[in-house]
Amino acid sequence: MITPGTYNLTLFQGADFDQTFNITQGGTALNLTGYTSRMQVREAADSTATLLSLTDGAGITLGGTAGSVAVVITSAQSSAIASGSFAYDLELISGSSIVTRLLQGGFSVSGNVTR
């Protein structure tokens, strides 16, 4: 079992976001070939409303043998989220449907002044 890492993210409302995480196990890149992924942002972990949802090819790109996870949020997506403090997690799903929470933490949105 992998213990999820805690990593707080800051999104600047109205701007593009591009963050790549390099996943290693024992100092070696984790082979993500055959995995899928998903990430959601909610007001709180127990909230039913989803503020942002990303999946493979729609905001998340897995780097296969390089062990990278690239998360991209467009300016249009970031504009649609109100400023504030929220929660997120990012999960990996293996080919055998085993879900592993990879990252979790706070998701802060800094309000945009220029429009």
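The values are calculated or read from the model by the stated rules, or taken from the named source; none is laboratory data. Here the structure is a predicted model, which means the values were calculated and not measured. So basically every Cβ, Gly included, is an ideal-geometry build from the backbone, and we count neighbours across all protein chains shown.
Results, tabulated for the structure shown:
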| read-out | value |
| --- | --- |
| Given (1) out of contact with any Phe, Trp or Tyr (no Cβ under 9 Å at 6 or more places or on another chain); (2) among the hydroxyl-bearing types (S, T, Y); (3) not in a loop (DSSP other than H, G, I, E, B), number of the condition S85 does not satisfy | (1) |
| Only one of T74, T36, T3 that is surrounded by 13 or more Cβ atoms within 10 Å (Cβ to Cβ), among the β-branched types (V, I, T) and either touching a Ser or Thr at 6+ places or on another chain (Cβ under 9 Å) or at pLDDT below 95 (or both) | T36 |
| Count of residues meeting criterion [within 10 Å of I73 (Cβ to Cβ) and loosely packed, with under 15 Cβ neighbours inside 10 Å] in segment 16-31 | 3 |
| Residue in segment 77-89 that is of a type in the set (V, I, T) and surrounded by fewer than 12 Cβ atoms within 10 Å (Cβ to Cβ) present | no |
| Hits in segment 1-30 - residues which are over 18 Å from L103 (Cβ atoms), in contact with a helix residue (DSSP H, G or I) (Cβ under 9 Å, 6 or more places away or on another chain) and either among the aromatic types (F, W, Y) or without any contact (Cβ under 8 Å) to a residue 40 or more places away in the chain (or both) | F12 |
| Segment 86-115: number of residues that are of a type in the set (S, T, N, Q) and out of contact with any Leu (no Cβ under 8 Å at 6 or more places or on another chain) | 5 |
| Subset of segment 46-75 [touching a residue at least 60 places away in the same chain (Cβ under 8 Å) and either in a loop (DSSP other than H, G, I, E, B) or not polar (S, T, N, Q) (or both)] | I73 |
